[in-house]
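> Please see the structure below; I have some questions.
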Amino acid sequence: VERILAEKHELPPPDWQAGNAEGLVLVLKRVPEAEKQAAVERIAADLGVDPEDNAADRMMSWDEARSLAAGGLVTMGAHSVTHRNLKHLPLAEARREIAESKARIERELGRPCDFFAYPFGNPANDFTGEVKVAVGEAGFRAAFTVVLGLVRPGDDLLALPRFCESHERWQ
């Protein structure tokens, strides 16, 4: 299915080693944002899927987030508003994605949001130096990439390494 969809929508061939829709997702991550959104809409139409039909099932609810944050074990951070690749957005739009995500989390949770995780998080492909500056200007104390590693003294606080739940997929 991924091969047919990629060919039909003139996308680069997926990484067929993935063996599932993840290959197509990886391809779409490398496509310019406007082109990606249009391709996703066409693919959803081809499959007869309305992306908004299951919107409530995508992430946790604000009530769930408030409960988790109130427990004191978890610190909630921002990840942008729409999880688009910030490198491929006009800088003004990337700034809005960053600032609005912080403002919304603070408003919904009633507490400061000090940390940001770059969508996709690869410094080479997913954000620029200008985006990193925008994260700092938005008031975040630190930001995380998907670079595997421990945080060490002197690391750039706006490009910290981390360990991710599914790190092997991002290497």
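> Any residue at all in the range 149-157 that is within 23 Å of Ser67 (Cα to Cα) and not in a helix (DSSP H, G or I)?
As a first pass, look at the range 149-157 and keep what is within 23 Å of Ser67 (Cα to Cα): none.
Checked the range 149-157: no residue is within 23 Å of Ser67 (Cα to Cα) and not in a helix (DSSP H, G or I).
> May I pose another question? Could you give me the residue pairs with C-beta distances under 9 Å whose first residue belongs to the range 102-131 and is surrounded by fewer than 14 Cβ atoms within 10 Å (Cβ to Cβ), whose second residue is assigned to a loop (DSSP other than H, G, I, E, B) and acidic (Asp, Glu) wherever it lies, and which are 6+ apart or on separate chains?
none
> Hey, does the range 75-86 have a residue that's free of Cβ contacts under 8 Å to residues at least 12 places away in the same chain and out of contact with any Leu (no Cβ under 9 Å at 6 or more places or on another chain)?
Among the residues of the range 75-86, not one is free of Cβ contacts under 8 Å to residues at least 12 places away in the same chain and out of contact with any Leu (no Cβ under 9 Å at 6 or more places or on another chain), which makes the answer no.
> Give the residue that is farthest from the chain's Cα centre (by Cα), with candidates limited to residues of the range 132-155 that are under 20 Å from Glu93 (Cα atoms) and exposed (fewer than 14 other Cβ atoms within 10 Å of the Cβ).
Among those that are under 20 Å from Glu93 (Cα atoms) and exposed (fewer than 14 other Cβ atoms within 10 Å of the Cβ), it is Glu137.
> So, one more: Of (1) closer than 18 Å to Phe144 by Cα; (2) surrounded by 15 or more Cβ atoms within 10 Å (Cβ to Cβ), Val74 satisfies all except one. Which?
Only one criterion is unmet by Val74, namely (2).
> Kindly provide the set of residues from the range 1-56 that are among the polar types (S, T, N, Q) and modelled with pLDDT of 75 or more, ordered by number.
Gln37
> Now a separate question. Looking at this structure, is Ala69 in contact with a Leu (Cβ under 8 Å, 6 or more places away or on another chain) and modelled with pLDDT of 85 or more? Steps first, answer last, please.
On the way: in contact with a Leu (Cβ under 8 Å, 6 or more places away or on another chain): yes; modelled with pLDDT of 85 or more: yes.
Spelling it out, Ala69 is indeed in contact with a Leu (Cβ under 8 Å, 6 or more places away or on another chain) and modelled with pLDDT of 85 or more.
The values are calculated or read from the model by the stated rules, or taken from the named source; none is laboratory data. Small disclaimer: the values here were computed from a predicted structure and weren't measured. Positions of Cβ are generated from backbone atoms using ideal geometry, with glycine treated the same way; all protein chains shown enter the neighbour counts.
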